[in-house]
Structures are given as C-alpha cells and as structure tokens.
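Below: one structure, written as structure tokens.
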Amino acid sequence: MTQANVTIGKSDVESTPLGLGTNAVGGTNLFPNLQDQTGIEVVKAGLDNGIKLLDTAYVYGLGHSEELVGQAIKDYDRHSFALATKGAHDFSSGSEVINNDPEFLTAQVEASLKRLQTDYVDIYYIHFPDDNTPKAEAVGALQRLKEQGKIRAIGVSNFSLAQIKEANADGYVDVVEDEYSLLHQENAQVMMPYLKDHQISFVPYFPLASGLLTGKYTSEVTFADGDIRSQMPDFTGERFKQILAAVDQLRPIAANHNANVAQVVLAWYMQNPLVSVVIPGAKQPEQVVNNAAAMQIELSVAEYETIVKAFAAFK
C-alpha cells in the first residue's frame, strides 16, 4: 500500500510523505568529491520512483545545487512534483551573513528561480533567522511573491518557537523545517502544539541522523581523529552504544517487511502524525530508490509502538 499524499499547511501544495533532500546534489561546500552528473541522476531517480518533493537551498554549493536540480527537472512535467528551496545567506560583504531583509529575500527568490529554470517554487523557506529583521516583515515579502504566483507556500527553517510565532503573526506561514529524528525529538515536542493549532506542516531534516538510523554501524566501528563523527556526541561513548542497542530493536521489524532498517525508520516517520514530509538526502541514485521503497511499507500499530519505546530515552 502506497502512503497517501499530504497537503502543505494552508496551501494547495501536495507532496508524497517522502521527499528528497539535495544538499549532496551540488553541495560541494558541504561534501567532498561530489560529481555533478551523479547529482542530476539522484534527482531523476527521485522523480522516477514516485517522490514528489525536491528540497534544495541556495547555500548548498552557493547556488550549484539549485542549478543541478534545474537541469534534472527539465525532462519532467513541472506540475507533477513540488520544488522547495531556501535562502538567507548573504555573501555580498565577502563573508557569510544571515539576512532576512525583505528586499534581500525578494532578490534571492528571483535568483533561485533563474538557477532552477522555473517560474515558481512550491515552497520557499527563510533558511535561518537573522538578528535584526522583524520576522513578520520578512514573511510579508514572501507573501507578496506568493500573490505574484512565484511561491505557492511559505516556510521558515531553524526558527525557535518564539520566532515562528512572530513570523506567523499574519497567519502566512505554511511549513516549518527543522532537525528532528528518533534520536533528536526535542524540536517537535516543543513546537508541535503551536504548529497543529495553526495548520502549519512540519518537515524534519537529518531524519536518518547522519546514517546512525540506517543500521549500518556496529559497536566495532571506530572513527579517526580527523573524522567529524569522532567529535559528535551521538557517535561516542555510552550514547553511541545506547543508539546501537535501540537500532538493533528495529532489525526484526525490517526482516518482517523484507526491508532494511533505514526503510523501516522512514516508514515510521511517514506514519508519525507530527511529520508532514520526511526528506532524507542521498549521494547515489541507488540510495534514492531504496528510500522510495519505504513508501510501500505499512507498519502495524504494535511495530510503530515498538519503535517509539525503543527510542523513548531520546526524547
């Protein structure tokens, strides 16, 4: 059974409950050794396997991800999928500054449309909040672009609950994107009552927690000092062991569905009433095909609750 489509906030944007994050498509400032052609194939694999939401951002390769996504989607009916991008990073001074100024955001949207080779995006997110711009003014600039047909839904990303409330003062916010996973459940717990009351969708990023929720790690693994994972709390000490023990409880569920652990985790998000669309990233087309297959998995109530209990310590 394929999971039903979801509607984003108060908009008329529809998506599959599984999307594709494209920070590894052209995000050469984020990942080493990325190949442009592979990135294009990743996007096409998503669309060819039923995924209906592509999520990119200016800061992924400083526009390069958007350019590659724009090349990849040329062969597809633009109205058959939803396209999300994000902006707020301003490099005009020579260094990185977060900028939510209405004039800057308006120019960012126009530049993103050119790179994506489209005349509208389905969701535009303010990628990070700045320290100075009144949030409702920033969102107001996006609302004007929405009225012009250049944006179909308005989002904010990495905003605190207080900032979300300020941004939504006029009721224009449709969707919030922030970190959330079985290992990092804090954001949804804090924000969700407000989001539900105001018909705002929630899109989690890092759903597979840097690969920890894919089942590929064992207690024997070690990380070199130069490996960023050696500095991350999730990958060290007792917490790492606790995570691996929780992941092990997913293996029988995966076997029951002839699936792998990553697919079971993605299926859990798709059945989670807090989550609207889950957007795992991918570096290879095969990973996208694997993730898309999770849309065919329906967990039983007992299986869903087993996963909740396995990760209850991470709330």
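Read the figures in this text as sums done on the coordinates, not as results from a lab. If you're wondering where the values come from, they're calculated on a predicted model, not measured in any experiment. Glycine also receives a Cβ, built like all others from the backbone with ideal geometry; neighbour counts cover every protein chain displayed.
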Dipole magnitude of the chain about its Cα centre (Cβ charges: Lys, Arg +1; Asp, Glu -1), debye to nearest 20:
500
Along the positive direction of the dipole of region 1-156 (beta-carbon charges: Lys, Arg +1; Asp, Glu -1; about the Cα centre), which of Gly46, Pro129, Ala4 reaches farthest?
Ala4
Test item: Cα-centred dipole of region 139-245, Lys/Arg +1 and Asp/Glu -1 on Cβ, debye:
320
Which angle from 0 to 90°, rounded to the nearest 10, does the C-alpha axis of helix 102-116 make with the longest principal axis of the chain?
70
Net charge over other residues, Cβ less than 11 angstrom from the Cβ of Ile40 (K, R count +1; D, E count -1):
-2
When only alpha-carbon atoms are used, what values of Rg and Dmax, in angstrom, describe region 190-247?
15.6, 46
From the Cα trace of region 182-223, what convex hull volume per residue do you get, rounded to a whole Å³?
75
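Using the structure shown, list the pairs from Lys86/Lys150; Lys52/Lys283; Lys114/Lys165; Lys10/Lys165; Lys52/Lys315 with a Cα-Cα distance above 21 Å, or answer none. Let's see the in-between values first.
On the way: Lys86/Lys150 14 Å; Lys52/Lys283 18 Å; Lys114/Lys165 31 Å; Lys10/Lys165 16 Å; Lys52/Lys315 30 Å.
Long pairs (Cα-Cα over 21 Å): Lys114/Lys165; Lys52/Lys315.
So, counting K/R as plus one and D/E as minus one, what does the shell of residues with Cβ under 10 Å around Lys135 add up to?
In short, -2.
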Once the in-chain neighbours fewer than 8 apart are removed, the aspartates and glutamates whose Cα is under 15 Å from Lys241 read Glu220
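Can you run the Rg to Rh ratio on region 110-222? Use alpha carbon positions and the Kirkwood inverse-distance Rh.
1.07
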Cα-centre dipole for region 158-315 with unit charges at Cβ (Lys and Arg positive, Asp and Glu negative), debye to 20
320
Before anything else, pin down the relative contact order of region 25-76: Cα pairs under 8 Å, at least 6 apart, normalised by residue count, whole percent.
46
Taking the DSSP beta bridges in the chain as the whole, what percent of them are antiparallel, to the nearest 5?
15
Let a ≥ b ≥ c be the square roots of the eigenvalues of the Cα gyration tensor of region 1-121; is it rounded (a/c under 1.5), or, if not, prolate (a/b larger than b/c) or oblate?
oblate
Using Cα pairs closer than 8 Å and at least 6 residues apart in sequence, work out the relative contact order for the chain, in percent.
21
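Once you have the alpha carbon radius of gyration of region 223-312, what is it after dividing by 2.2 N^0.38 Å, with N set to its residue count?
Normalised Rg, Cα atoms only: 1.20.
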Correct semi-axes for the chain, from √(5λ) of the alpha-carbon gyration tensor and rounded to whole Å with the largest first, are 30, 21, 21
Stokes-Einstein, Kirkwood over Cα pairs, region 137-178, 20 °C, 1.002 mPa s; D in µm²/s equals 207
Based on DSSP H runs of at least 4 residues, each adding -39500 (n - 2.57), what is the mean residue ellipticity at 222 nm of the chain after dividing by all its residues, to the nearest 500 deg cm²/dmol?
-11000 deg cm²/dmol
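Summarise the long-distance tail of P(r) for region 60-110 by giving the % of C-alpha pairs beyond 12 Å.
71
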I need the fraction of alpha carbon pairs in region 1-46 separated by more than 16 Å, rounded to a whole percent.
54
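In whole percent, what relative contact order does region 70-157 give with Cα contacts below 8 Å and a gap of six or more residues? Present the calculation step by step, with values, prior to reporting the outcome.
Details: 128 pairs, mean separation 28.8, N = 88.
The value is 33 percent.
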